[in-house]
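Okay, structure first, notes after.
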Amino acid sequence: MHVSKRKSPRAPIAAKAQVACGLERYEATVSQISEGGFRLDSDKDLPKARLVVSFELPGHGPQRVLGEVCWQRQLPRAKGTGCMFRELPPATQATITNYVKRMKQACTELQFALAMNKPRAVWNSLAREVGVGHLMDRQDIKIFLGHAMEQLQSGGR
């Protein structure tokens, strides 16, 4: 049994991001987000420093956050950088908390729709909301959901 050290669940996201560190600018993707931080995926090494990250949180509009790099590693398709939030305004914290809760609910509903063999239109709609509308194969969606639910279940809550 795997016991997570994480304090909060992580939700899947695929948001293009602009990253700033001093005068340097980078493009990346926010691929996971939680109440405590986020993961950036990029084809470049991001500096191990404080970063200003701007991205669109689906359903909640543009966000601008300050994060501090905690870890970096090579992922299968990109370089992953884990960041914890620094100086996160309460309104932004609440927005992220709501997004994570909604993603957990949507992933649960999508798993149920697939398990109950609901009409394709139902699970296509949920898949778009979760951010996997590009996956058409049921098995690919199930694999994604298994991983996403594992991440959403981790944490002390």
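Miscellaneous remarks
- Single condition I141 does not satisfy, out of (1) surrounded by fewer than 19 Cβ atoms within 10 Å (Cβ to Cβ); (2) modelled with pLDDT under 85: (1)
- Residues satisfying the stated conditions in region 114-133, i.e. outside any helix (DSSP H, G or I) and either touching a strand residue (DSSP E or B) at 6+ places or on another chain (Cβ under 9 Å) or surrounded by 13 or more Cβ atoms within 10 Å (Cβ to Cβ) (or both): K118, G131, V132, G133
- Any hit, region 115-126, residues being modelled with pLDDT of 85 or more and either of a type outside the set (S, T, Y) or closer than 29 Å to K48 by Cα (or both): yes
- Any hit, region 3-13, residues being open to solvent by 90 Å² or more (accessible area, probe 1.4 Å) and over 16 Å from the mean Cα position of the chain (by Cα): yes
- Residue in region 90-113 that is at pLDDT below 90, within 23 Å of Q151 (Cα to Cα) and touching a strand residue (DSSP E or B) at 6+ places or on another chain (Cβ under 6 Å) present: no
- Pairs linking a residue in region 82-93 that is part of a strand (DSSP E or B) to a residue that is open to solvent by 60 Å² or more (accessible area, probe 1.4 Å), with Cβ atoms under 7 Å and 6 or more positions apart or on different chains, are G82/C70; G82/W71; C83/C70; M84/C70; R86/R50.
- Check on V69, of a type in the set (A, V, I, L, M, F, W, C), modelled with pLDDT of 95 or more and within 19 Å of P90 (Cα to Cα): no
- Region 1-59, subset over 22 Å from A94 (Cβ atoms) and among the β-branched types (V, I, T), residue modelled with the lowest pLDDT: V3
Residues are listed down the side, and each one gets a yes or a no for (1) within 15 Å of I33 (Cβ to Cβ); (2) among the charged types (D, E, K, R):
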{"position": "I96", "(1), (2)": "yes, no"}
{"position": "M103", "(1), (2)": "yes, no"}
{"position": "A106", "(1), (2)": "yes, no"}
{"position": "F112", "(1), (2)": "no, no"}
{"position": "W123", "(1), (2)": "no, no"}
{"position": "D137", "(1), (2)": "no, yes"}
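- Out of L66, L51, L40, L46, one residue alone is of a type in the set (A, V, I, L, M, F, W, C), open to solvent by less than 70 Å² (accessible area, probe 1.4 Å) and not in a strand (DSSP E or B). It is L46.
The values are calculated or read from the model by the stated rules, or taken from the named source; none is laboratory data. Here the structure is a predicted model, which means the values were calculated and not measured. Because the Cβ atoms are built from the backbone with ideal geometry, glycine has one as well, and the counts that use them run over all protein chains shown. Remember, those area values only see protein heavy atoms, side chains included, never the ligands or the DNA or RNA. Shrake-Rupley method; radii C 1.70, N 1.55, O 1.52, S 1.80 Å.
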